[in-house]
């Protein structure tokens, strides 16, 4: 099996849908020798901020000298982003032969009468096996969907659990209230395993606290008052961490923009406190260096400075709210938006956040079966505001718009990651990514 054949096999399993449950993945991991038991795991669930929190923790562990794996989803531009070690994507040859190994075990699984594993279960198995083969020290493991019945929850003894920001998303699978969603996300909490928790609203926090108590899991609540913001501009922000009992940190710089990223940072620090208390060497220097070097593509990413181009994959209401809040903080002028969204992500509410900031909007169709077509989105906009709106038939048209933009134009690409990744590739391939 070569790389192309591996991807073809992986993506062909999309037809099996998204089936929550742990029976198939448990048996598949047994057939592979339970590779997930070979390294220390930090397991991260939540609605928004999972990726940023994972990246911050990963980069600190790497700077501390540990060989650190990172498992994330979805990918932005290239499939191999999903499985990384010390910022290096899985190589194509390794992906190919490990996929072949997993495919053989799937045949055994089917012969035993199990349903076919889903695409996410297949990718999870490939990642776990690769990390075992590479003899990593740590794995920072991002949940795919929910937590309790997510394939990543096949792990039994993580070193620490993390719950990032919780809001409404995937309600058809996780429930129609924040309390129900929180219960599913907090389903990753294990007996006696410490859990770091993002600063949540009380109704959400209480659900997590009850679950943690029932599992005898010490809860480390990230305190938003432990951060003092010093400065912020489009190159990043600086803050002081006022909690000094474990880490004595002077001024910290992060490249991630928005107040929500400060809260993600304090959540990552709570997780790192757990890891340090477990006896691992996490120094103040490794935290400062890891945080200052951490970048997370597609999340309020300033890709180009002239014209100013910003990409953000805040694909649900909470994410788009954080994005527009950060835009208001840094820019007073109206903005040219390129927007694409999935049908099930409440586009009407998303537009209420975007339209007050928009000078004009170009709509795009994300590459997903669930996408809202550019023309339909344009019609929605026309119903809500008297603003110039143009649906783009293909992504190449973006280049013509940018070419004709004024020198001081601010251009923001927002919405589905299925759109943002393709846009990022297009702009980079056409010399429009100078990364300030």
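The values are calculated or read from the model by the stated rules, or taken from the named source; none is laboratory data. Please read these numbers as outputs of a predicted model, since none were measured by experiment. Counting neighbours? That spans all protein chains shown, and the Cβs are built from the backbone with ideal geometry, glycine included.
Taken together, 377, 355 contain a single residue that is modelled with pLDDT of 95 or more, outside the structural domain of residue 170 (by TED's automatic domain parsing), touching a helix residue (DSSP H, G or I) at 6+ places or on another chain (Cβ under 8 Å) and farther than 29 Å from residue 231 by Cα, which is 377. When each of 333, 318 is tested for being modelled with pLDDT under 95, assigned to a loop (DSSP other than H, G, I, E, B), surrounded by fewer than 22 Cβ atoms within 10 Å (Cβ to Cβ) and not assigned by TED's automatic domain parsing to the domain that holds residue 241, the lone residue that passes is 333. Taking region 37-56 as the range and being farther than 19 Å from residue 148 by Cα and under 13 Å from the mean Cα position of the chain (by Cα) as the test, the residues that pass are 52, 53, 55, 56.
Within region 385-435, the residues that satisfy the criterion of being surrounded by 14 or more Cβ atoms within 10 Å (Cβ to Cβ), assigned to a loop (DSSP other than H, G, I, E, B) and under 28 Å from the mean Cα position of the chain (by Cα) are 392, 395, 416, 432, 433. Within region 359-377, being under 21 Å from the mean Cα position of the chain (by Cα) and part of a strand (DSSP E or B) holds for one residue alone: 371.
Condition check ((1) surrounded by 22 or more Cβ atoms within 10 Å (Cβ to Cβ); (2) over 27 Å from residue 182 (Cβ atoms)) across all residues:
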| position | (1), (2) |
| --- | --- |
| 50 | yes, no |
| 55 | yes, no |
| 59 | yes, yes |
| 62 | yes, yes |
| 70 | yes, no |
| 79 | no, yes |
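Comparison of 290, 258 shows that the only residue that is within 19 Å of residue 47 (Cβ to Cβ), touching a residue at least 60 places away in the same chain (Cβ under 8 Å) and within 23 Å of the chain's Cα centre (by Cα) is 258. Listed by position, the helices (runs of 4 or more DSSP H) contained in region 106-196 that have at least 3 residues being modelled with pLDDT of 95 or more and surrounded by 20 or more Cβ atoms within 10 Å (Cβ to Cβ) are 119-133, 178-185. The residues in region 229-269 that are in contact with a helix residue (DSSP H, G or I) (Cβ under 9 Å, 6 or more places away or on another chain) and surrounded by 15 or more Cβ atoms within 10 Å (Cβ to Cβ) can be counted, and the count is 28.
Number of residues in region 4-25 that are surrounded by fewer than 16 Cβ atoms within 10 Å (Cβ to Cβ) and part of a helix (DSSP H, G or I): the value is 8. Each residue in region 84-95 was checked for being outside any helix (DSSP H, G or I) and either surrounded by fewer than 18 Cβ atoms within 10 Å (Cβ to Cβ) or out of contact with any strand residue (DSSP E or B) (no Cβ under 6 Å at 6 or more places or on another chain) (or both), and 5 pass. Checking the stated criteria, residue 273 turns out to be surrounded by fewer than 21 Cβ atoms within 10 Å (Cβ to Cβ), out of contact with any helix residue (DSSP H, G or I) (no Cβ under 7 Å at 6 or more places or on another chain), part of a helix (DSSP H, G or I) and assigned by TED's automatic domain parsing to the domain that holds residue 166.
Residue count for region 276-290 satisfying the condition of being assigned to a helix (DSSP H, G or I) and out of contact with any helix residue (DSSP H, G or I) (no Cβ under 6 Å at 6 or more places or on another chain): 5.
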